[in-house]
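To keep things clear, I will list the structure first and then write my remarks on it.
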Amino acid sequence: MKKSVLWLSALLLWTSLLIASPLSTEAVQEHPSEPLSVLKLKPDPVDRTKTMNTPTFADAVNQWIKSIAKEKGYEAWGSATWTSAPLGPGTHGWIVLLQSGGREVGYLVIHAADPNLPNAYQLSEYGSGSSPLFSLNTLYRSLVQLELIDSSYEAERWYADPLHAVWIVTAGERTHFLDASTGEVLPLTSRDQLPEASQPGGAEFINSAFASPEHTITANRQLDGFDPYDDMSWLQKTPLTPTAFTGLQALLDAASPAKLTFIAELYGGQVNMPFAVTGYQQWSQ
């Protein structure tokens with residue numbers, strides 16, 4: 001799974017979310033059913049008088065999909081349909097899952113840009129591939145491995161930022177925390193170990209009055225993926241000194257691109273996770 005995370009200058013922006021009604025490119029129902037019967041998701045408490053109307057959100061999603069589908073690695077998005085679901089209570093955001101040809105091909109994370117601007121949304125994260133964030137297929141496999149698939153359980157989405165996203169699965173008195181991308185069981189025992197959601201930033205956003213992207217992708221560099229565990233020399237190497245995006249861009253644009261591994265220390269140091277850096281997408285402004 002490749003992630004593209006938006007910075008103000010190049011890579012990453014996170015924020016929070018707002019409505020709880022699942023939406024899709026299919027005919028919109030007032031109360032859509034969950035796409036997988038095994039899920040017993042906790043409903044998010046929502047004041048229905050403060051939710052935005054469905055066509056506005058759908059237009060925003062479709063505009064982003066149309067824009068990103070033009071880029072290398074995202075071609076399958078051009079013929080994709082999508083469904084959406086809330087990311088959790090109080091977060092003002094949604095996960096949008098894309099399907100094409102009967103398989104999952106990517107995802108977007110979208111947040112309300114500003115509680116005072118109910119028709120403005122911001123794109124916080126997106127990615128391509130067959131194992132998107134919060135995939136119900138990945139969750140299903142994890143539930144089978146945990147031997148919970150035939151038992152009574154509840155699965156709840158929880159999202160703080162692109163590196164802290166989990167399924168919280170409650171079965172009786174036991175709670176399991178699963179990485180929302182890989183389905184891996186995390187060594188967490190309490191919700192108190194989860195960080196608070198990041199505050200909204202100046203992410204790329206769409207105003208519903210026009211339903212067209214204010215910003216566009218101006219540069220795209222995609223390299224071959226690699227498994228950081230195939231060569232673990234990064235464990236002993238000296239980390240790069242902090243650098244601006246232009247410095248990283250030069251390393252990735254070189255004739256022989258650098259093989260960069262980003263190591264994240266997550267959940268208060270309880271999880272160290274390496275990520276292969278396989279390129280960038282630079283947005284206007």
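The values are calculated or read from the model by the stated rules, or taken from the named source; none is laboratory data. Computed from a prediction, not measured in an experiment: that's the story for all the values here. We place every Cβ from the backbone using ideal geometry, glycine too, and count neighbours over all the protein chains shown. Side chains included, ligands, DNA and RNA excluded: accessible areas come from the protein's heavy atoms. Shrake-Rupley method; radii C 1.70, N 1.55, O 1.52, S 1.80 Å.
Observations
- Portion, in percent, of the accessible area of segment 66-160 that falls on carbon or sulfur, probe 1.4 Å: 47
- Between GLU173 and TYR229, the distance separating the two model label sites (each 7 Å from Cα on the Cα→Cβ line) works out to 3.3 nm.
- Residue separation of ARG141 and SER100 scaled by 0.36 nm, minus their Cα-Cα distance, works out to 12.7 nm of gained length.
- Taken per residue, the accessible surface of segment 62-165 reaches 38 Å², heavy atoms only and a 1.4 Å probe.
- Packing rank of 186-195, 58-67, 148-157, where each peptide gets the mean count of other beta carbons within 10 Å, highest leading: 58-67, 148-157, 186-195
- Taken along the Cα-to-beta-carbon direction at a fixed 7 Å, the label points for SER151 and GLU75 span 4.5 nm.
- Point-to-point label distance, LYS237-SER131, nm (Cα→Cβ direction, 7 Å offset): 2.2
- Angstrom value of the Kirkwood radius, inverse mean 1/r, which spans all Cα pairs in segment 64-117: 12.2
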